[in-house]
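**Q** Handing you a structure now.
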Amino acid sequence: MGTTAKEEMARFWEKNTKSNRPLSPHVTIYKWSLPMAMSITHRGTGVALSLGVSLFSLAALLLPQQFPHYLAMVESLSLGPALIYSAKFALAFPFSYHTWNGIRHLV
(Lines give C-alpha, C1' and ligand atoms only; values in the text may rest on other atoms or scores of the structure.)
Protein backbone atom coordinates (compact mmCIF):
# COMPACT_ATOMS: atom_id res chain seq x y z
CA MET A 1 0.00 0.00 0.00
CA GLY A 2 1.35 3.49 -0.92
CA THR A 3 2.09 6.37 1.39
CA THR A 4 0.00 9.48 1.64
CA ALA A 5 1.14 12.88 0.48
CA LYS A 6 1.28 14.06 4.08
CA GLU A 7 3.67 11.24 4.98
CA GLU A 8 5.82 11.96 1.94
CA MET A 9 6.08 15.63 2.83
CA ALA A 10 6.93 14.79 6.45
CA ARG A 11 9.67 12.45 5.28
CA PHE A 12 11.01 15.06 2.85
CA TRP A 13 11.19 17.81 5.50
CA GLU A 14 12.73 15.45 8.03
CA LYS A 15 15.46 14.50 5.54
CA ASN A 16 16.01 18.15 4.65
CA THR A 17 16.29 19.17 8.30
CA LYS A 18 18.78 16.39 9.09
CA SER A 19 21.04 17.26 6.14
CA ASN A 20 20.96 21.04 6.92
CA ARG A 21 20.14 21.90 3.32
CA PRO A 22 19.08 25.46 2.52
CA LEU A 23 15.81 26.15 0.80
CA SER A 24 16.63 26.59 -2.84
CA PRO A 25 16.47 28.85 -4.75
CA HIS A 26 17.00 31.47 -2.10
CA VAL A 27 18.28 35.02 -2.43
CA THR A 28 21.01 34.54 0.17
CA ILE A 29 22.54 31.66 -1.80
CA TYR A 30 23.42 33.64 -4.89
CA LYS A 31 26.42 35.97 -5.12
CA TRP A 32 25.44 39.27 -6.74
CA SER A 33 27.12 39.93 -10.05
CA LEU A 34 27.02 42.71 -12.62
CA PRO A 35 24.92 40.74 -15.18
CA MET A 36 22.40 39.88 -12.45
CA ALA A 37 22.09 43.52 -11.38
CA MET A 38 21.81 44.66 -15.01
CA SER A 39 19.08 42.11 -15.69
CA ILE A 40 17.08 43.19 -12.65
CA THR A 41 17.51 46.87 -13.59
CA HIS A 42 16.46 46.09 -17.18
CA ARG A 43 13.27 44.45 -15.95
CA GLY A 44 12.60 47.29 -13.52
CA THR A 45 13.03 49.96 -16.18
CA GLY A 46 10.78 47.97 -18.52
CA VAL A 47 8.04 47.89 -15.89
CA ALA A 48 8.55 51.61 -15.16
CA LEU A 49 8.30 52.47 -18.86
CA SER A 50 5.15 50.45 -19.39
CA LEU A 51 3.51 51.98 -16.31
CA GLY A 52 4.58 55.47 -17.38
CA VAL A 53 3.19 55.09 -20.88
CA SER A 54 -0.03 53.59 -19.53
CA LEU A 55 -0.54 56.38 -17.00
CA PHE A 56 0.30 59.10 -19.53
CA SER A 57 -2.13 57.68 -22.10
CA LEU A 58 -4.84 57.25 -19.47
CA ALA A 59 -4.31 60.85 -18.35
CA ALA A 60 -4.47 62.04 -21.97
CA LEU A 61 -7.82 60.32 -22.35
CA LEU A 62 -9.42 61.30 -19.06
CA LEU A 63 -8.15 64.77 -18.14
CA PRO A 64 -10.37 67.62 -19.36
CA GLN A 65 -7.67 70.02 -20.63
CA GLN A 66 -5.03 69.64 -23.35
CA PHE A 67 -1.34 68.95 -22.60
CA PRO A 68 -0.15 72.62 -22.98
CA HIS A 69 -2.47 73.63 -20.11
CA TYR A 70 -0.83 71.16 -17.70
CA LEU A 71 2.64 72.07 -18.94
CA ALA A 72 1.89 75.74 -18.17
CA MET A 73 0.70 74.72 -14.68
CA VAL A 74 4.02 72.97 -14.00
CA GLU A 75 5.98 75.97 -15.34
CA SER A 76 3.99 78.33 -13.07
CA LEU A 77 5.19 76.39 -10.00
CA SER A 78 8.68 77.89 -10.46
CA LEU A 79 10.46 74.76 -9.32
CA GLY A 80 14.19 75.00 -8.68
CA PRO A 81 16.76 73.77 -11.19
CA ALA A 82 17.79 70.85 -8.98
CA LEU A 83 14.24 69.50 -8.93
CA ILE A 84 13.79 70.10 -12.67
CA TYR A 85 17.01 68.25 -13.56
CA SER A 86 16.15 65.43 -11.15
CA ALA A 87 12.75 65.02 -12.80
CA LYS A 88 14.34 65.06 -16.26
CA PHE A 89 16.82 62.39 -15.17
CA ALA A 90 14.01 60.29 -13.66
CA LEU A 91 12.21 60.42 -17.01
CA ALA A 92 15.25 59.89 -19.25
CA PHE A 93 17.13 57.19 -17.31
CA PRO A 94 14.64 54.30 -17.69
CA PHE A 95 14.24 54.94 -21.40
CA SER A 96 17.95 55.26 -22.18
CA TYR A 97 19.07 52.41 -19.91
CA HIS A 98 16.41 50.01 -21.19
CA THR A 99 17.15 50.90 -24.81
CA TRP A 100 20.95 50.57 -24.58
CA ASN A 101 20.78 47.43 -22.47
CA GLY A 102 18.42 45.89 -25.03
CA ILE A 103 20.81 46.76 -27.85
CA ARG A 104 23.71 45.31 -25.83
CA HIS A 105 21.74 42.12 -25.33
CA LEU A 106 21.01 41.82 -29.05
CA VAL A 107 24.64 42.38 -30.00
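The values are calculated or read from the model by the stated rules, or taken from the named source; none is laboratory data. None of the values given here were measured: they were computed from a predicted structure. We place every Cβ from the backbone using ideal geometry, glycine too, and count neighbours over all the protein chains shown. Quick note on the areas: whole protein, heavy atoms, side chains included, nothing else; ligands and nucleic acids left out. Shrake-Rupley method; radii C 1.70, N 1.55, O 1.52, S 1.80 Å.
**Q** Which helices of the chain meet both criteria: a Cα extent of 18 Å or more along the helical axis and a mean Kyte-Doolittle score no lower than -0.5, with helices taken as whole DSSP H segments?
**A** Span-like helices, by this rule, are 34-62, 81-106.
**Q** Go through Leu62, Thr99, Thr4 and say which Cα lies farthest out towards the positive end of the charge dipole of the chain; charges sit on Cβ, +1 for Lys and Arg, -1 for Asp and Glu.
**A** Thr4
**Q** If you roll a 1.4 Å probe over the heavy atoms of the protein chains, what accessible area per residue do you get for the chain, in Å²?
**A** 90 Å²
**Q** Follow-up. Using a Cα-Cα cut-off of under 24 Å, which lysines could be cross-linked to Lys6, ignoring same-chain neighbours fewer than 8 residues away?
**A** Lys6 reaches Lys15, Lys18.
**Q** If you don't mind, there's one more thing I want to ask. Would you mind telling me the share, in percent, of accessible area of the chain contributed by carbon and sulfur at probe 1.4 angstrom?
**A** 71 percent
**Q** Rounded, prolate or oblate: pick one for the range 34-106, where a ≥ b ≥ c are the square roots of the eigenvalues of its C-alpha gyration tensor, a/c under 1.5 means rounded, and failing that, prolate if a/b is larger than b/c, else oblate.
**A** oblate
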